[in-house]
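**Student:** Quick one: the structure is below, questions incoming.
Please treat every number below as a calculation from the coordinates, not as lab data. Quick caveat, the model's predicted, so the values are computed rather than measured. FYI the Cβ positions are ideal-geometry reconstructions off the backbone, even for glycines, and counts take in every protein chain you see.
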Amino acid sequence: MSAITAPCPPIPGDDDLLARFAAGERHALDELFRRYRQPAYRVAYRLLGNEPDALDAVQEGFVKVLTHLHGFQGRSSFKTWLLRVISNAALDLGRQRGRREMLSLDAPLAESLDGQLLKEEDVGRGLERADLRVLLDRALSTLSETQRQTFVLYADAGLSYREVAEAMETSIGTVMSRLYYARQKLRAFLSAEQET
Amino acid sequence: MTQQPIHPEQGPTPEQLAAFTEGGLDPEASAQVEAWLADHSDDHDLLPLFRESAPAELPEATWNATLARIHERVSTPARPPLRPRWGFRLLVGFTAAATAAALAGVWLIPPWLTPQPDRSIVVTPAPGEDDEPFPVALAREVNIISVHPRDADAIVMGAPLLGSLEWAESEDIEVIDADPHPVDGQVPWLEEGPVPMILVSTGDR
């Protein structure tokens, strides 16, 4: 008896999907969307703080990318390009909708923090996810827009230094420098919150 | 190019780290440095907080609705470039006619009836190389409704980038660092004082 095995079809790369989309194959977009919707949403959500706005930014980013494919010259991966455009769209939307006012430093913290709460084990014990998110949103609002974008691409999208550098079209050294100062500011803010 | 391997315990040497930040390592060595930095990162206290507070998974129906809207928008043919409105055209025509009439009037007045001009020489500075316009939009893509006279000389047009355009003044901008252009080595500069300008949000600064 002989067994016949069919070869597993290769997973198409992003470039292949983009070419198929450009040729009019709608399902190629479905696959690209499924592939990157989650990191895109995480980035947009962190920069905007709510689901409807984050979905708007994701939608806007995908539309911009897909209608400007001629501008994508393969200097970076599709993923980093997409996340760059979506994070820019989120920042634009945030400016239009007064994101920074929403996250004013004068706003009361949903839940007071005591002791060394800002540790992973304490998160599970004390802070609810939403409260922690509010706190981190406020911490992020102390960063410059560029630092915030850099840090969110690194921390929420999980991009490497090299990928963040690609997405921001800058050097790895600049990314490392921005992340260094972003961490310093975030820690300073969170420490101050613990003391109050 | 032969490069020293990254020491697994001691990590990259200062030279290797410098080469990494400048993008001078080959992909394999760069990946090694990146992995070492990730293992020895000082943000082990921050990253778990961000992961913990990530938004919850969305239901598939929400994703499908978003995807449907994207499909709808990318399949809609792009709008043709905006053409100037008739009102704007009439305004431009009227202004041009009025200017021509005024110039013609000045031309026809006898010279002894006009005040004698100041003989001092007025030199209009020629635009320097650094003052070249930086195009970001085509004229036919812009429909100008009104412009403050202060900003009239600062309008810049050209193909729009993916980012947004935003008015700002140089006082609103703080230059943290500026990298020389990789080809010609020029470094961007910022005008002193309240100079209006358009910021192109490309997200790289």
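**Student:** Mind jotting down the distance between the C-alpha centroids of the range A:38-90 and the range B:14-76, whole Å?
**Tutor:** Answer, in whole Å: 13.
**Student:** First measure r as the distance between the Cβ atoms of B:Asp177 and B:Ala61, then evaluate 1/(1 + (r/R0)^6) with R0 = 41 Å and state the FRET efficiency to the nearest 0.05.
**Tutor:** After rounding to 0.05, the efficiency reads 0.35.
**Student:** Also, quick follow-up: Rank these for me by crowding, A:Ile11, B:Ile173, going from fewest to most other beta carbons within 10 Å.
**Tutor:** Lowest count first: A:Ile11, B:Ile173.
**Student:** Also: For the residues B:Phe50, A:Phe189, what sequence is obtained by ranking on other C-beta atoms within 10 Å, fewest first?
**Tutor:** Fewest-to-most ranking of B:Phe50, A:Phe189: A:Phe189, B:Phe50.
**Student:** With a point put 7 Å past each Cα toward its Cβ, work out how far A:Gln184 is from A:Ala19 in nm, to one decimal.
**Tutor:** 4.7 nm
**Student:** Calculate the FRET efficiency for B:Ala38 and A:Glu128 from the Cβ-Cβ distance with a Förster distance of 35 Å, rounded to the nearest 0.05.
**Tutor:** Using R0 = 35 Å, I get an efficiency of 0.75.
**Student:** Shifting gears a bit: Out of the range A:140-187, which trypsin sites (Lys or Arg not before Pro) are coil in DSSP terms and have no more than 12 other C-beta atoms within 10 Å?
**Tutor:** none
**Student:** On a full-extension model of 0.36 nm per residue, what is the gain between A:Gln96 and A:Gln38, subtracting their alpha-carbon distance, rounded to one decimal in nm?
**Tutor:** 18.5 nm
**Student:** Continuing with the same structure: Between A:Gln194 and A:Glu51, what length in nm is gained on full extension when 0.36 nm per residue of separation is reduced by their alpha carbon distance?
**Tutor:** 48.7 nm
**Student:** Can you put A:His70, B:His44 in order, fewest other beta carbons within 10 Å first?
**Tutor:** Lowest to highest Cβ neighbour count: A:His70, B:His44.
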